[in-house]
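The values are calculated or read from the model by the stated rules, or taken from the named source; none is laboratory data. None of these values were measured; they are calculated from a predicted model. Cβ: placed from backbone, ideal geometry, glycine included. Neighbour counts: every protein chain shown. Accessible surface is based on the protein model in full, side chains and every heavy atom, while ligands, DNA and RNA are left aside. Shrake-Rupley method; radii C 1.70, N 1.55, O 1.52, S 1.80 Å.
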Amino acid sequence: ETGISDISWSEEKSMLVIAYESTNIDLLTGGIIQNIPDIRNKIIPGIKKINRVRTYGKNAYLATSFGIVIIDLEKKEIHDTWKPGSGTENNEVFDIAFGNNRVYAATENGLWQADISNQGLPYYGNWARLSLPEPGSSCNHLIFTGGTLYCNVPQGSAGDKIYSINAEIKLFSFSSGIINNSFDPAPRGFTISSAEIVKHYNSDGSIINEIDSYGWGSPEISQGIVIGNDLWIADKNHGIVLGQNMTVFAALSLSGPSTNEVVNITSVNGKTILCAGGTDNSWNGLKRSFQVSVN
């Protein structure tokens, strides 16, 4: 299937969890794919989507539009569905974090927490809401590191505020107009990625490095992951960008067409040619750039 919404690697199970925009799930391990179509096939009122996948222990935790879905990676099956919120109605979950024997959920109705050992988390009454400085605000990105929870609170076009939460809640970061796309763990701490910049922090919250230029193109960053001394970036304009030692950056070309907006395919003399573009139902041009891919 195509149209991936998120992926997550389980180090404990050596397994890649792939979530699709259709809400279909694939588990990839040892070159073998196990499909879990349960969410895709289930009739759920309202919008149905998977926003984020986090792995913890033997499970994968899916932040969805209707709660948190837990997949047992050993049995390769859905184990449970948790419902953080204040009632039985759906409360969209955007991200999940674990720490201090607790699970945290970033939702459209704020930040929620529960005891990870509680067996009753499918019931909303076993979740408690953490009070943020902006009452009624949503929370969409989380990371727990160094005994501190970092929570991203959107402020519209004004930018995002990041709060650090331990013994007290403090404003950790705010840059006017900067909207954060992803919080991710790193060997010495964590990364926070926005379209313009990836910031690499120590586990105590001190800054290690900031990447805002490749030296050859303007970033349009979705996510930045640190592996060893290198930075791997998912960039909307340049694809996968590798920053060796976070100093020398190169775009890595993958085998495949340059776009998925293909309207015509033909094969001739052993070559396959794909053309992008297209029109709407009224035959109006979609104003896409002319692109031809040849294999």
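Some points to look at:
- Assuming charge only on the beta carbon of Lys and Arg (+1) and of Asp and Glu (-1), the dipole of the chain about its Cα centre is about 280 debye to the nearest 20.
- Which labelled figure in (1) 104; (2) 180; (3) 189 is volume of the Cα convex hull per residue in Å³, once derived from the coordinates: (2)
- Extending 7 Å from the Cα toward the beta-carbon at both LYS170 and THR266 defines two label points whose distance is 6.5 nm.
- Listed values for the stretch 275-282 are Karplus-derived 3J(HN,Hα) couplings in whole Hz (6.51 cos²θ - 1.76 cosθ + 1.60, θ = phi - 60°), namely 10, 9, x, x, 10, 8, 5, 9, and x replaces Gly and Pro.
- 12 Å cut-off, amide nitrogen to a point 7 angstrom out along PHE290 Cα→Cβ, residues in the stretch 258-282: 276
- Largest first, the extents of the alpha carbon coordinates of the stretch 94-193 on the three principal axes equal 41, 33, 23 Å.
- Label point 7 Å beyond Cα of TRP9 along Cβ direction - residues of the stretch 217-242 with amide nitrogen under 18 Å: 222-235, 240-242
- Counted by Cβ distance under 11 Å from TYR124, the other residues give a net charge of +1, where Lys and Arg count +1 and Asp and Glu count -1.
- Alpha-carbon Debye profile of the stretch 1-140, log10 I(q)/I(0) at 0.14 Å⁻¹: -0.61
- Across the stretch 166-175, rounded Karplus estimates of 3J(HN,Hα) from the backbone phi angles (6.51 cos²θ - 1.76 cosθ + 1.60, θ = phi - 60°) give 9, 5, 8, 9, 10, 6, 8, 7, 7, 10 Hz, Gly and Pro being marked x.
- Accessible area in the full protein assembly, largest first, 1.4 Å probe, for ARG129, ARG188, ARG102, ARG54: ARG188, ARG129, ARG102, ARG54
- Taking amide H positions as modeled 1.01 Å from N, with prolines and chain starts lacking one, the residues under 5 Å from HIS141 and 5 or more places away or on another chain are ASN152.
- The value of relative contact order for the stretch 1-54, using C-alpha pairs under 8 Å at least six residues apart, is 33 percent.
- Accessible surface calculations at 1.4 Å, restricted to protein heavy atoms, place the chain at 53 Å² per residue.
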